[in-house]
Each structure stands twice: as C-alpha cells, then as structure tokens.
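Structure first, commentary second.
We did not get these values from a lab; they are worked out from the coordinates using the rules stated. Since we're looking at a predicted model, the values are computed, not measured. For neighbour counting, all protein chains shown are included, and Cβ atoms are generated from backbone atoms with ideal geometry for every residue, glycine included.
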Amino acid sequence: MKNSAILLIISMLFSYGSIGQLYSTQNGETNFFSETPVENISASNKTVGAFINTATKEIVASMKMSAFDFPNKLMQEHFNENYMESSKFPTGVFKGKILESIDFTKNGTYDVTAKGQLTIHGVTQPRDLIGKLTIENQKISLICNFEIKLVDHKIEVPTLVFAKIAEVISVKSKYNFTPYVKK
C-alpha cells in the first residue's frame, strides 16, 4: 500500500510536464486541534508522504487517516470509525502548485501559497494553503497552518457530542524534504 501511494504521488507530479529536481519526505508531520469549551482534541500523524517538483512547483502530500495518533485511544477509535470513516476513505491528499517564483537553488526563506485541491473524507475542495518554505543546502522545509470546516468535507458530528468537537479544525503541517532518490 505504501509503495503504491508513493508511485501514485510521483505519477501525479510527472503528469504535468517537465521534470525538475524531485524532493520528498515520508516523515512529514500533520497535527490537528479541535478546541471547544467542553473538550480539546488533538492528534498527530508523523508518516505523511509528500513531494515537491522544483521545475513545475507542484506539491503533493498524502496521509493515511488511520495513522493519526491521539492521546486518548477511544477518541482515535471514534475518529476513524465514526467521523472520518477511515476504512471507506483511507487517505487525505493535497495536490497543488506553488504560485510564487522561487529559485530552489538558493538558500532562503519564502512566504508561499499553494493553490490546489484538498481531498478529505472523499470530498475534494479547492484550497489555497499559505506557508513558509525554507531552502538550506539542498534541503527544503515547509510549514503550513490552515483550518478545515467539517461541513466542507461532509464530516458529520452527532448531536450528542456536537459541543465536544469544533466545527472548524486547526491544522498544522511540517515537512522536511530531501532530494528524492529512486529505490
């Protein structure tokens, strides 16, 4: 499954034309936080796969929804079974393109916007994600913070627990890319 996801990501990046230097990570991290007066919920996924094609500025990030780790295992079970339906919708994917002109051969830090499509819970929505990209000695790091409205991805919260789960979830992602080496 992991190898097929990697091949899918690479084929998506190559399908758009010229191939530049490809940078990748398999240890990207995505965290989310739901804050309500009744309860706070947080989870972390440290196995996010992502690629950047520096010639086309395309970026793809893909994660297994079931890989989110919660401090409370009952919350993790409810997340996967009741809300995300992870067996039915196993992955979350962002596929987009960085809008700014960046010289990926020069060290520096850049404010960036990636315009693309975010698919969660089987629902794809157009998204502009804003982040900070840092290039240092052939390594690229990207930090991005954004919000997800549950209703936008048809994630239903039962009335019984509605006060415990925020309608808008804060998401923080951090990726450290290195030049991709085919295995």
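Here is how the numbers come out for the structure above:
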| quantity | calculated |
| --- | --- |
| Within the chain, helix-based [θ] at 222 nm, where runs of 4 or more DSSP H residues each add -39,500 (n - 2.57), nearest 500 | -3000 deg cm²/dmol |
| Karplus (6.51, -1.76, 1.60) ³J(HN,Hα), θ = phi - 60°, over segment 133-146, in Hz, Gly and Pro reported as x | 10, 10, 10, 8, 6, 6, 10, 10, 10, 9, 10, 9, 10, 7 |
| Contour excess over end-to-end distance, with Cα ends at residue 44 and residue 154 and 0.36 nm allotted per residue | 37.5 nm |
| Contour excess over end-to-end distance, with Cα ends at residue 146 and residue 77 and 0.36 nm allotted per residue | 22.4 nm |
| Rounded D (µm²/s) - segment 22-65, Kirkwood Rh over Cα pairs, Stokes-Einstein at 10 °C, 1.306 mPa s | 132 |
| Relative packing of peptides 45-51, 139-145 - highest average C-beta neighbours within 10 Å first | 45-51, 139-145 |
| Cα-based helix-to-principal-axis angle, 2-14 vs the chain, degrees rounded to 10 | 50 |
| Proximal charge balance of residue 96 [Cβ under 10 Å; K/R count +1, D/E count -1] | +3 |
| Long-range HN-HN contacts of residue 138 with modeled amide H, under 5 Å | none |
| Under Karplus coefficients 6.51, -1.76 and 1.60, residue-wise ³J(HN,Hα) of segment 81-98 in Hz, glycine/proline x | 8, 9, 9, 7, 6, 4, 6, 8, 10, x, 10, x, 9, 10, 10, x, 9, 6 |
| Amide H within-cut-off set for residue 84, under 5 Å, with H built and near neighbours excluded | none |
| For peptides 57-69, 165-177, sequence by mean Cβ density within 10 Å, most packed first | 57-69, 165-177 |
| Two-decimal Rg/Rh across the chain, once Rg and the Kirkwood Rh are taken from alpha-carbon atoms | 0.98 |
| Rg/Rg_ref, segment 109-183, where Rg_ref = 2.2 N^0.38 Å and atoms are Cα | 1.43 |
| Cut-off under 5 Å, modelled amide H: who pairs with residue 21 long-range | 54, 55 |
